[in-house]
Amino acid sequence: MSTVNVSLTLLDIDSPTSAPPEALQVGKLLDSHGRQIKDLRLSVTDRCNFRCVYCMGPDVKYLPKMDLLTVDEYVHIVEVAMSLGIDKLRITGGEPTLFPKLDEFIQRVGKMGLRDIALTTNGSTLTREKARLWKDSGLHRVTVSLDTLKPSRKDAITRSHTTLKNVIASIDIASDVGLSPVKVNAVILRGVNDDEVADFAQFAKDHEIDMRLIEFMALDAGHTWKREDVVTANEMKHRIEKEHTLIKEGDSPSSTSMNYRFTSGGGRIGFIASVSESFCHGCDRMRIMADGTVRPCLFSDDEWCIRSLLRSGASDDKLRTFFQDAVWAKSAGHGMDRDDFKRPEKTMSTIGG
Ligand code: SAM
Ligand code: SF4
Ligand code: SF4
């Protein structure tokens, strides 16, 4: 794809940078770095029943209730985004299963013809009935977060009391009902759970799932992130290779993970090297927060809220232009490797994972 070079004009403080007419006319979500955005990560709540140490603080200040979008507004956003080429939707949060209208939302977006609809959850509330209902409604797959296999560690990492057994049961339920491939995410923190990376590989084989080990990113509420605490993908891979032989898989250009199979047994292991080997060049993602704030790049504080436009009855053409302008302003990348890297103010739970 070619990059359109024009000078950018800031319209006003609440509006995104203006995309050039050539970019608007193509009817797609293009950024100024030549990338097309096709993957929407939509947060349907910023509320959560966990307080994971790498994400939320113990004392959270949630978004005001009246600012959260309604199910009709989320559906409308997805419709407009699809008309601009979005074909992949990840429903996230906060903990999306706490969104009271989640069943209705899945039922409605499930009929829209998206190529892929996934849900990310901490697995604390997933029942077989819900999983079946969502599968029948059009949800394709779930990703479950699980940062330890040691029951004694679970409470300390999540600062909650949901049992590990519950979360592991939710992974098996998701597989059973066909919400697959089930992916399981673990954020690896030095001195906290990095002694478990080989155990996670064994877990992937035993449960025949895609286990993904994620580098800790500077998105924690406590602002405690330090480069030295990041266990790199390379380091994790070396540790696993002491016990398992891995075979590289061919990954798609927009893939966030570097994936491997095992020479023996099922399951896969993937490394999300967001810090040590950024995958920004192939990024096709944009995020929308639960209050309608459009955030084209996870790590850039450039963001614009579409809520008032939505609530003032703006036409779909106006909403499309808003999205196109916002995406045009997407940062080239996070710059975590630079000395002048400035971490974002917001946490992953607010932005949407
Ligand atoms: N509550 C759901 C969950 O935990 O799966 C969905 C939202 S959560 C914000 C989405 C993903 O972001 C989770 O897999 C979580 O591990 C990841 N995450 C949160 N903070 C992170 C951080 N500082 N670095 C890397 N990943 C993080
Ligand atoms: Fe909640 Fe997910 Fe953040 Fe943990 S990672 S605090 S479950 S939003
Ligand atoms: Fe995409 Fe921004 Fe994340 Fe890089 S930092 S992968 S550009 S969202």
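Bear in mind these aren't lab numbers, they're just calculated from the coordinates by the rules spelled out. Given the structure is predicted, the values throughout are model-derived calculations rather than measurements. Here the Cβ is made from the backbone with ideal geometry for all residues, glycine too, and neighbour counts use every protein chain on show.
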(Q) Compute the helix-to-body angle for 71-82: its Cα long axis versus the longest principal axis of the chain, expressed 0 to 90° and rounded to tens. (A) 80
Q: Compute the acute angle (0 to 90°) between the alpha-carbon long axis of helix 164-177 and the principal axis of greatest extent of the alpha-carbon atoms of the chain; round to the nearest 10°.
A: 70
Q: Largest first and to the nearest Å, give the Cα extent of region 276-325 along each principal axis.
A: 44, 19, 14
**Q.** Descending semi-axes in Å of region 136-283, equivalent ellipsoid built from Cα gyration tensor
**A.** 22, 20, 17
Q. Could you give P(r) for region 302-353, binned at 5 Å from zero, as whole percent values over all Cα-Cα pairs?
A. 4, 15, 19, 20, 18, 12, 7, 4, 1
Q: Sorted from largest down, give the three principal axis spans of the alpha carbons of region 257-353, whole angstrom values.
A: 57, 37, 23
Q: Would you calculate a helix-derived [θ] at 222 nm for the chain, using -39,500 (n - 2.57) for each DSSP H run of n ≥ 4 and dividing by the full residue count, to the nearest 500?
A: -8000 deg cm²/dmol
**Q.** Degrees between helix 197-207 axis and first principal axis of the chain (Cα, 0 to 90, nearest 10)
**A.** 90
Q.
What is the distance in Å between the Cα centroid of region 237-288 and that of region 56-105?
A. 27
**Q.** Alpha carbon centroid spacing (whole Å) that separates region 111-133 from region 303-334
**A.** 27
Q. If each residue's Cβ is checked for other Cβ atoms within 10 Å, how do ARG115, ARG343, ARG47 rank with the fewest at the top?
A. ARG115, ARG343, ARG47
Q) Given springs between every Cα pair under 10 Å in a Gaussian network model of the chain, which of MET112, MET82, MET217 has the largest fluctuation? A) MET112
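For region 213-322, what is the convex hull volume of the alpha-carbon atoms per residue, in Å³?
Details: hull volume 16.9 nm³, N = 110.
Output value, Cα hull per residue: 154 Å³.
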Q.
Please report the net charge: other residues with Cβ closer than 9 Å to the Cβ of LYS150, K and R +1, D and E -1.
A. 0
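Based on other C-beta atoms within 10 Å, arrange GLU208, GLU95 from fewest to most. Present the calculation step by step, with values, prior to reporting the outcome.
Values: GLU208 14, GLU95 22.
With the fewest neighbours first, GLU208, GLU95 line up as GLU208, GLU95.
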Q: Excluding ASP229 itself, calculate the net charge of residues whose Cβ lies under 15 Å from the Cβ of ASP229, where each Lys or Arg counts +1 and each Asp or Glu counts -1.
A: -3
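With a sphere of radius 12 Å drawn around the Cβ of ARG128, what net charge do the other residues whose Cβ falls strictly inside it have (Lys, Arg +1; Asp, Glu -1)?
Numbers: positive: LYS130, ARG132, LYS135; negative: GLU129, ASP172, ASP176.
Taking every other residue near ARG128 into account, the sum is 0.
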**Q.** Distribution of pairwise C-alpha distances over region 166-242, 10 Å bins, in %
**A.** 18, 44, 29, 9, 0
Q: Of the options ILE288, TRP134, ASN259, report the single residue whose Cα projects farthest towards the positive end of the charge dipole of the chain (beta-carbon charges: Lys, Arg +1; Asp, Glu -1).
A: TRP134
Q: Taking every pair of Cα atoms in the chain, average 1/r, invert it to obtain the Kirkwood radius, and report Rg/Rh to two decimals.
A: 0.95
Q. Under Stokes-Einstein, with the Kirkwood radius over Cα pairs standing in for Rh, what whole-number D in µm²/s applies to region 44-159 at 25 °C and 0.890 mPa s?
A. 160
